[in-house]
Amino acid sequence: MIQGLPRPVANFAEQVKSVIAGLRGASGWLAGLDAGGKVPTGQLGTGTASSSTYLRGDRTWATVSGGPTSGTAVAGTVAVTVDFGASFTHFAQTVVAGQAWVASGSYIVAMPQAAAGQVEETALMSFQPVISDLSVGNGFTLSVYTPIEAKGTYTFNCVGV
């Protein structure tokens, strides 16, 4: 045996496992695990965990508020063509009219649609669409910014709930 090194402890691994098992689930120590190997929700935070709550950064279960809920029906969709013009530019805007489904509380998402042969180009453009100026029972404004200058037309699928 080398001087200064501790002597081997009999059943060291079993003793460590026993200490860890004693700490698991103890307040302020290790979280216990359920039968599925996951930390039970009761050990994650205060409040009630359910399918309609989320765990906040302060370890409190809170109810989701605002916005559409799961299963919300799509109110309407429209394909909008945005024209960046013949010269390269970073910004284009168009007013979309004739959309009776638009309501004062509508949430509308715009996603670029790649035309045949434009898949890579559309992805590289990093389009940043913004919906504004909701007009109840009529439409909205679609503004699109791209950090890379664009020209020509691009189509955006706008989906509203």
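Yes/no per residue for (1) within 30 Å of Gly137 (Cα to Cα); (2) modelled with pLDDT under 80; (3) not assigned by TED's automatic domain parsing to the domain that holds Gly139:
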site	(1), (2), (3)
Pro40	no, yes, yes
Gln43	no, yes, yes
Ser50	no, yes, yes
Thr69	yes, yes, yes
Thr81	yes, no, no
Ser87	no, no, no
Ala92	yes, no, no
Val96	yes, no, no
Tyr107	yes, no, no
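Name the residue that is nearest to Glu149 (Cα to Cα), counting only residues in the range 82-107 that are polar (S, T, N, Q) and in a loop (DSSP other than H, G, I, E, B). Top of the filtered list is Ser87. Checking Gly117, Gly152, Gly137 one by one, the residue that is at positive phi and at pLDDT 90 or above is Gly137 and no other. So which residues in the range 144-161 are assigned to a loop (DSSP other than H, G, I, E, B) and surrounded by 15 or more Cβ atoms within 10 Å (Cβ to Cβ), if there are any at all? Once the filter is applied, which keeps residues that are assigned to a loop (DSSP other than H, G, I, E, B) and surrounded by 15 or more Cβ atoms within 10 Å (Cβ to Cβ), the range 144-161 yields only Val161. Among the residues of the range 141-161, the one identified as in contact with an Asp or Glu (Cβ under 6 Å, 6 or more places away or on another chain) and within 24 Å of Ala100 (Cβ to Cβ) is Thr141.
The values are calculated or read from the model by the stated rules, or taken from the named source; none is laboratory data. What you are looking at is a predicted structure, and each value in this text was computed from that prediction instead of being measured. Quick reminder, even Gly has a Cβ in these numbers, built from the backbone with ideal geometry, and neighbours come from all protein chains shown.
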